[in-house]
Amino acid sequence: MTSERVSKQSRPLLIAIDGPVGAGKSSISDEVARRLGILHLDTGAMYRAAGLYTMRHGLDPHDEAAVTSALEHADIGVRYVDGAQRTLLDGEDVTGLIRTQEVSDAASAVSKHPGVRARLVRAQRALAESTPMLLDGRDIGTVVLKDAPVKIYLTASPEARAKRRLLQYREQGEEHSFGEVLAAVNARDDQDMHREADPLRQAEDAVVVDSSDMTFEETVEAIMTLVKAVMAKETLHV
Ligand code: DC
C-alpha cells in the first residue's frame, strides 16, 4: 500500500550531467537550468576552491595526507545570487579567483584524494537534498546522485573539444597550436578517467549526448527534450 503511495509522490527534479573536460558542461548546464527555473551546481568549482585552499596554505596538492587533513578545516560552500552560483572559501567569495591554470592544476591534483572527494560529495548531496537542481561534474550520476531521475553523459570528440578550446584561447588573445591543445585535452581525459577515486565514467543509466557536430542551441534542446520526456513519465517538481 505505502509503496504505491510513495511511488506516486513527487520528488524534486534532479539532473546529473557528467562528461569530459571541454564538452561544454558548464555553459550548457547553466542554460538548461535557467530554462527549467532550477539551480545549477557546478561541482568542479568546489574542487577548484579546494585547490585554491592548498595553494594559499603552501601545501603540495599531491600530498594526500597533508591535503586531506588541512581541508578538514576549510569551509567550502556555495550561495546563489540572482540564481547564479557564487563559490565560497571560508566565507570569502572566490568565484573570480578559481579559473586560472594554477588553480585548475591544483584542483585536478586534490580531486584525486578520496578523503577530499568524500567531504565534497557530502556537501553536494546536502545541497541537492530537497531542492530541484542540475549538478554537473565527473561523478554525479555514478556517485553523488545515483538515483537522479535524469542522467546525461555530455561528450564530444577530443578534436571537437580541442577546436572549441582553441577558439576560446583566441578570444582571450592567446595563440596555441591545435596539436598542443589536443594533447592537453587527451592528457586531462586520461587523468579524469584513470584516477582511482571516482573516475569519470558514464553511468549505466545515463543517456549520451555527443555534441561534436551540434551547436550550443541544438545541445541545449537535446537535453531539454530528454528532461521533458522523463518529466512526462514521472512526477517531479521544480
Ligand atoms: O570541471 P572543472 O574543470 O571545473 O573541474 C575542476 C577539477 O575538479 C577537474 O580536475 C575535475 C575535478 N572534478 C571532479 O573530480 N569531480 C567533479 N564532480 C567535478 C570536478
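The values are calculated or read from the model by the stated rules, or taken from the named source; none is laboratory data. Computed from a predicted model, the values in this text were never measured in an experiment. Ideal geometry is used to build each Cβ from the backbone, glycine not excepted, and the neighbour counts take in all protein chains shown. Calculation scope for accessible area: heavy atoms of the full protein, side chains included, ligands and nucleic acids excluded. Shrake-Rupley method; radii C 1.70, N 1.55, O 1.52, S 1.80 Å.
Once backbone amide H atoms are built at 1.01 Å from N, Leu41 has Leu134, Leu135, Asp136 as its partners under 5 Å, excluding neighbours fewer than 5 places away on the same chain.
The peptide list 109-116, 127-134, put in order of mean Cβ contacts within 10 Å with the highest first, becomes 109-116, 127-134.
Residues of region 149-182 falling in the label zone of Arg99, defined by backbone nitrogen less than 13 Å from a point 7 Å along Cα to beta-carbon, are 168-169, 171-173. For region 1-90, GluC sites (Glu not before Pro) meeting the loop criterion (DSSP other than H, G, I, E, B) and having at most 11 other Cβ atoms within 10 Å: Glu72.
Based on the Kirkwood approach, the hydrodynamic radius assigned to region 152-238 is 15.2 Å, with every pair of different Cα atoms included. Largest first, the extents of the alpha carbon coordinates of the chain on the three principal axes equal 57, 43, 35 Å.
Determine the distance separating the Cα centre of region 135-199 from the Cα centre of region 60-90; give it in Å without decimals. Cα centres, region 135-199 to region 60-90: 21 Å. If one puts a single equal scatterer on every Cα of region 1-91 and applies the Debye formula without solvent, what log₁₀ I(q)/I(0) results at q = 0.12, 0.20, 0.21 Å⁻¹? At q = 0.12, 0.20, 0.21 Å⁻¹ the computed log10 ratios are -0.56, -1.00, -1.04. Highest mean packing comes first when the peptides 50-62, 88-100 are listed by Cβ atoms within 10 Å, giving 50-62, 88-100. Computed as a quarter of the hull surface, the mean projected area of the alpha carbon convex hull for region 91-214 stands at 9.3 nm². Only one residue of Val94, Ala50, Ala123 has its Cα farthest out toward the positive end of the dipole of region 49-156, where Lys and Arg carry +1 and Asp and Glu -1 on Cβ, and that residue is Ala123. Dipole check for region 90-238: with +1 at the C-beta of Lys and Arg, -1 at the C-beta of Asp and Glu, and the Cα centre as origin, the magnitude is about 380 Debye. Using a 1.4 Å probe on the protein chains only, how many percent of the accessible area of the chain belongs to carbon and sulfur? Carbon and sulfur atoms account for 51 percent of the accessible area of the chain.
Here Lys163 is the anchor, and the lysines within straight C-alpha reach of less than 17 Å, apart from those fewer than 8 places off in the same chain, are Lys25.
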